Structures are given as C-alpha cells and as structure tokens.
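Written out below as structure tokens is the structure these notes cover.
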Amino acid sequence: MKKNSTKNNRINGEVNRALSQIIRDVKDPRVGLMTSITAVHVAPDLKTCKVYISVLGDSKTIDETMEGLNSAKGFIRRELARTVNLRNTPELEFIMDNSIAYGVDMIKRIDEVIKEDENRSGGE
C-alpha cells in the first residue's frame, strides 16, 4: 500500500478539522452530541472521502446518528466546499469506527482479570 504524500496528509488534516466543526453545527436532532471524527481519508484525486465516526451511546443512538449524518451529506459537503478551498469537493462516506468502544471494553476486561487474579492470590 502506498504511503500518503505530505500534501495528502495536510488535506486530510484540514478536512478533519473542518468536518469536526461542521458536524457540531448540524441541526438534525438525530446526530448525537457525543459524535466525533476519528479519522479522515481523502483520495489523492479528491473525488471521495472516507470519514470515520465515533459515537458515544447505545446502538440506537449510533444508528440514529448515522442516519442523520447520511441525510445531511449535502449540507455537510456544501459547508466543506465553503470552508476548505479544494479543486474538487470530495463525496463523503461515513463509516462507524468502533475502536474507542473496543478499547474501553478491553480495559474493563483487563481490570476484571487483574481483580480475579488478586482475589486468587490473596486467598492462598
């Protein structure tokens, strides 16, 4: 897999910052307040953009947030074109990123194992 160029990394950073602000301004009530962008990957030809989203909440909140973001794609893309000066404004694709929830779950499991181990060694 080819590494991103410096220019592409800079574009990814700018689009990430702009989308973070734009998503806060979306007035759709389905979009959760605890929605954050974990990563953005803009294609080198600036035609597509994969936006990885993390939402704090249950599965219903996650589904509603994804529906709200997908229905507001036009608004978000228009605002992105207004804020970031690119030759082409990329088509947005929102993808759920569960890595934060996975990390929290693993930390809980590790803590449980440590407590069990302490209880076993303390009882002997």
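The values are calculated or read from the model by the stated rules, or taken from the named source; none is laboratory data. Here the structure is a predicted model, which means the values were calculated and not measured. A quick note on method: Cβ atoms are made from the backbone with ideal geometry, for glycine too, and the neighbour counts reach across all protein chains shown.
Summary table
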{"read-out": "Boolean, Leu33 is at pLDDT below 90, out of contact with any strand residue (DSSP E or B) (no Cβ under 7 Å at 6 or more places or on another chain) and aliphatic (A, V, I, L, M)", "value": "yes"}
{"read-out": "Tyr52, sole failed condition from (1) under 18 Å from Lys27 (Cα atoms); (2) touching a residue at least 40 places away in the same chain (Cβ under 8 Å); (3) within 17 Å of the chain's Cα centre (by Cα)", "value": "(1)"}
{"read-out": "Residue that is farthest from Asp97 (Cα to Cα), among those in the stretch 13-34 that are surrounded by fewer than 17 Cβ atoms within 10 Å (Cβ to Cβ) and of a type in the set (S, T, N, Q)", "value": "Gln21"}
{"read-out": "Pair list, Cβ < 9 Å and 6+ apart or interchain, from the stretch 99-116 residues that are assigned to a helix (DSSP H, G or I) to residues that are among the small types (Gly, Ala, Ser)", "value": "Ser99/Ser54; Ile100/Ser36; Ile100/Ser54; Ala101/Ser54"}
{"read-out": "Single condition Ser36 does not satisfy, out of (1) under 13 Å from the mean Cα position of the chain (by Cα); (2) of a type in the set (Gly, Ala, Ser); (3) on the phi > 0 side of the Ramachandran plot", "value": "(3)"}
{"read-out": "Residue that is surrounded by the most Cβ atoms within 10 Å (Cβ to Cβ) [pool: residues in the stretch 35-80 that are in contact with a Lys or Arg (Cβ under 7 Å, 6 or more places away or on another chain) and not aliphatic (A, V, I, L, M)]", "value": "Thr65"}
{"read-out": "Positions within the stretch 57-83 being without any contact (Cβ under 8 Å) to a residue 40 or more places away in the chain and touching a strand residue (DSSP E or B) at 6+ places or on another chain (Cβ under 8 Å), in sequence order", "value": "Thr61, Ile62, Thr65, Met66, Asn70, Lys73, Arg77"}
{"read-out": "Count of residues meeting criterion [among the basic types (Lys, Arg) and either touching a residue at least 60 places away in the same chain (Cβ under 8 Å) or closer than 16 Å to Glu79 by Cα (or both)] in the stretch 1-42", "value": "3"}
